[in-house]
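The values are calculated or read from the model by the stated rules, or taken from the named source; none is laboratory data. From a predicted model like this one, the values you see are computed outputs, not experimental measurements. A quick note on method: Cβ atoms are made from the backbone with ideal geometry, for glycine too, and the neighbour counts reach across all protein chains shown.
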Amino acid sequence: MIEFRDVHHSYGEREVLRGIDLCLDEPRVGIVGANGSGKSTLVRMINGLVEPNSGRVLVDGLDVAKQGREVRRRVAFVFPDPEAQIVMPTVSEDIAFSLRRHRLSRSEVDARIAAALARFGLTDHRDHPAYLLSSGQKQLLAIASVTATDPAILVADEPTTLLDRRHTRAVMRHLEALDQQLVLVSHQLELFAQWERVVVIDDGRVVADGPGAQTIPYYRALMDGADASDRSPHRAEEGSC
Ligand SMILES: Nc1ncnc2c1ncn2[C@@H]1O[C@H](COP(=O)(O)OP(=O)(O)OP(=O)(O)O)[C@@H](O)[C@H]1O
Ligand SMILES: [Mg+2]
């Protein structure tokens, strides 16, 4: 459960989030919006990478600003560029690195690495240098590493931006199959059209919220410049958790 309560944020003079109230408890939540609308700022608040100027963000009732350490144990984050996230020379070492603080026995670490490699189709690359992987495989490794610690929530900020169509589909398939709650920022509108919950952000505000079947057509009209404000889909229980 992720909750935003009247969240505002500015970078200097520039106000980029203007009163966000959200309660996200669906297993799959999509976030869409134009470039610069505030999506990354919003999702980075879920694990404390950005702290709001005012308002609160809660994860399972924990205040991200006050209980950051516990929150970060529950929330994993994937960035657009996997290179920013892969820190160790080989594929298996990178997964082992993310497990280092979890006080697991050597055999448990090995079992988790093997499971992560198998799950993301990387078993044959176990001892390969990570930098030699394709971009799609690097993103799968980044996801494998952050989910190996078994977080409750995965936040992925445009994880397929740098990938071709085939690797985009592979990464999306893996993301959709995860056990974790997934909060995904993406421009994959066809995929989101099937999702139960998709939030549309525009100029720092939630302008539509509901099933993708309703919010994606609204978003397309918005981006095409049509005046769709009278048809903006919203959830009945908006703002309350
Ligand atoms: N660290 C920062 N310092 C100053 N301004 C920032 C910073 N990060 C983001 N901004 C500005 O805040 C606004 C919102 O940025 P944000 O990255 O949240 O948008 P976004 O919806 O994720 O955009 P994109 O689709 O391009 O990734 C933009 O105008 C951006 O230039
Ligand atoms: Mg962004």
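Return yes when SER145 is buried (at least 16 other Cβ atoms within 10 Å of the Cβ) and in contact (Cβ under 8 Å) with a residue 60 or more places away in the chain and no when it is not. Please lay out each step first, then the result.
Working: buried (at least 16 other Cβ atoms within 10 Å of the Cβ): yes; in contact (Cβ under 8 Å) with a residue 60 or more places away in the chain: yes.
When the stated conditions are applied, SER145 passes them.
Just checking, how many residues over the stretch 4-23 are surrounded by fewer than 20 Cβ atoms within 10 Å (Cβ to Cβ) and more than 14 Å from ligand 2 (Cβ to nearest atom)?
Final tally of qualifying residues: 12.
How many of the residues in the stretch 93-127 are under 21 Å from HIS174 (Cβ atoms) and within 23 Å of the chain's Cα centre (by Cα)?
16
Is it the case that the stretch 46-68 has a residue that's at pLDDT 95 or above, away from ligand 2 (no atom under 16 Å from the Cβ) and basic (Lys, Arg)?
Yes, the stretch 46-68 has at least one match.
Out of PRO89, PRO80, which single residue is within 16 Å of ligand 1 (Cβ to nearest atom) and in contact (Cβ under 8 Å) with a residue 12 or more places away in the chain?
Going through PRO89, PRO80 in turn, the sole match is PRO80.
Among (1) within 16 Å of ligand 1 (Cβ to nearest atom); (2) farther than 24 Å from MET172 by Cβ, which single condition is ASN35 missing?
(2)
If you take the residues in the stretch 100-118 that are modelled with pLDDT of 95 or more and surrounded by 13 or more Cβ atoms within 10 Å (Cβ to Cβ), which one is nearest to LEU133 (Cα to Cα)?
Only one residue fits best here, namely LEU117.
For the structure I just gave you, tell me whether VAL64 is of a type in the set (A, V, I, L, M) and within 16 Å of ligand 1 (Cβ to nearest atom).
No: the conditions fail for VAL64.
Among the numbered conditions (1) closer than 21 Å to VAL7 by Cα; (2) within 16 Å of ligand 1 (Cβ to nearest atom); (3) crowded, with 20+ Cβ neighbours inside 10 Å, tell me where VAL59 comes up short.
Only one criterion is unmet by VAL59, namely (2).
When you go through (1) more than 16 Å from ligand 2 (Cβ to nearest atom); (2) of a type in the set (Ser, Thr, Tyr); (3) out of contact with any Ser or Thr (no Cβ under 9 Å at 6 or more places or on another chain) one by one for SER98, which number turns out not to apply?
All conditions are met except number (3).
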